Amino acid sequence: MAMEYESNNWIWDGVYYCPRLFGGLMLTAALLGLSTTYFGGIGLFPLSYVWSDSGIFHKKKCEKKRIRVYMDGCFDLMHYGHANALRQAKALGDELVVGVVSDEEIIANKGPPVLPMEERLALVSGLKWVDQVIANAPYAITEQFMNSLFNEHKIDYIIHGDDPCLLPDGSDAYALAKKAGRYKQIKRTEGVSSTDIVGRILCSVKDTEGGGDHTSTLLNGDSGERCHSQRAQISQFLPTSQRIVQFSNGKGPGPNARVVYIDGAFDLFHAGHVEILKKARQLGDFLLVGIHTDHIVRYFIYFML
């Protein structure tokens with residue numbers, strides 16, 4: 001009985017992995033006047049021998065191909081807009097490969113980055129949606145680099161946000177990917193950017209130096225109004241439980257899990273934060289992170305200055 005079950009495994013593999021193909025074979029048998037019981041016993045060996053050798057029901061033939069997507073960026077001063085972009089990119093495929101643009105390319109196209117390559121790599125690698133990182137990626141998708149993505153890294157689609165990405169000459173940095181039909185677009189997260197964060201920092205420093213409410217004595221023209229406007233426009237990105245769930249893996253600690261807790265302000269998230277969170281995670285089975293409120297952070301900063 002056991003031997004008969006094992007010999008019929010190819011049938012059930014066919015039904016499970018290739019239902020349409022197996023159904024077609026059964027229909028053909030019916031049209032030829034063969035009884036379907038023929039496939040369950042009598043005469044089974046010759047068919048199973050031929051079909052198993054031909055690999056017609058081999059699992060790899062019917063398995064769905066894993067989609068690999070690529071997204072690049074400077075990822076300077078990593079913020080939740082970057083995280084949301086990578087989350088959306090990963091949702092468009094099974095594996096996400098991220099290119100981190102080189103310092104030289106950023107300088108040539110946008111100006112000097114705040115964080116060097118090593119720190120930006122650490123930040124990107126620490127995100128749970130990222131499966132692979134390519135260092136020193138070009139700012140523009142050249143034909144040579146695009147062929148490398150398709151052939152060497154097996155990339156199926158190149159991803160970018162819906163905001164324009166223009167080169168110094170005004171051309172589209174992703175024109176070749178779009179022309180090749182291998183481009184997909186995600187929605188940009190409004191209300192935050194690395195440039196905006198730098199502006200907030202400068203405004204915060206000027207406020208501190210000017211005694212908080214006397215920024216007008218330090219800023220000329222409309223700069224003071226711009227600082228106040230920037231604070232007022234800070235995006236409320238995580239106000240709902242639905243948005244929080246999108247960033248969560250939805251898993252809690254098991255009944256016997258060792259829970260580790262760590263807290264902090266985590267302002268201007270950097271490579272040091274990534275490293276300490278990794279070390280904390282290694283101390284247990286489940287890591288719980290607490291984030292201080294704005295009020296608490298301001299209170300301690302006031303007493304430290």
(request) Working only within region 277-300, note down all residues that are farther than 17 Å from Tyr80 by Cβ, part of a strand (DSSP E or B) and either among the β-branched types (Val, Ile, Thr) or open to solvent by 60 Å² or more (accessible area, probe 1.4 Å) (or both). (result) Leu288
(request) Would you mind telling me which numbered condition in (1) within 28 Å of Lys90 (Cα to Cα); (2) at pLDDT below 85; (3) aliphatic (A, V, I, L, M) Met304 fails? (result) (1)
(request) Determine the pairs where a residue that is farther than 22 Å from Glu118 by Cα, located within region 260-282, has a partner that is aromatic (Phe, Trp, Tyr) and open to solvent by 70 Å² or more (accessible area, probe 1.4 Å) with Cβ atoms under 9 Å apart, the partner being 6 or more residues away or on another chain. (result) Ala265/Phe300
(request) List every residue pair whose Cβ atoms lie under 7 Å apart, where the two residues are 6 or more positions apart in sequence or sit on different chains, the first residue falls within region 70-82 and is buried (at least 24 other Cβ atoms within 10 Å of the Cβ), and the second residue, located anywhere, is part of a helix (DSSP H, G or I) and at pLDDT below 90. (result) Asp76/Ser194
(request) Would you mind telling me which numbered condition in (1) open to solvent by less than 70 Å² (accessible area, probe 1.4 Å); (2) touching a residue at least 24 places away in the same chain (Cβ under 8 Å); (3) over 22 Å from the mean Cα position of the chain (by Cα) Ser204 fails? (result) (2)
(message) Among the residues in region 88-95, are any open to solvent by less than 20 Å² (accessible area, probe 1.4 Å) and under 17 Å from Ser194 (Cβ atoms)?
(response) no
(request) Determine whether region 249-272 contains at least one residue that is closer than 26 Å to Thr195 by Cα and of a type in the set (Asp, Glu). (result) yes
(message) Just checking, does region 101-108 include any residue being among the hydroxyl-bearing types (Ser, Thr, Tyr) and open to solvent by 20 Å² or more (accessible area, probe 1.4 Å)?
(response) no
(request) Return the residue satisfying two criteria in turn: it lies in region 237-276 and is assigned to a loop (DSSP other than H, G, I, E, B) and of a type in the set (A, V, I, L, M), and of such residues it is modelled with the lowest pLDDT. (result) Leu238
(request) Would you check if Val198 is surrounded by fewer than 16 Cβ atoms within 10 Å (Cβ to Cβ) and β-branched (Val, Ile, Thr)? (result) yes
(request) For residues that are open to solvent by less than 60 Å² (accessible area, probe 1.4 Å) and over 25 Å from Tyr183 (Cα atoms), scanning just region 109-119, find the one that is modelled with the lowest pLDDT. (result) Gly111
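The values are calculated or read from the model by the stated rules, or taken from the named source; none is laboratory data. Just so it is clear, the model here is predicted, and its values are computed rather than measured. Glycine gets a Cβ as well: all are built from the backbone with ideal geometry, and neighbour counts include every protein chain shown. All accessible areas refer to the heavy atoms of the entire protein, side chains included, with ligands and DNA or RNA removed. Shrake-Rupley method; radii C 1.70, N 1.55, O 1.52, S 1.80 Å.
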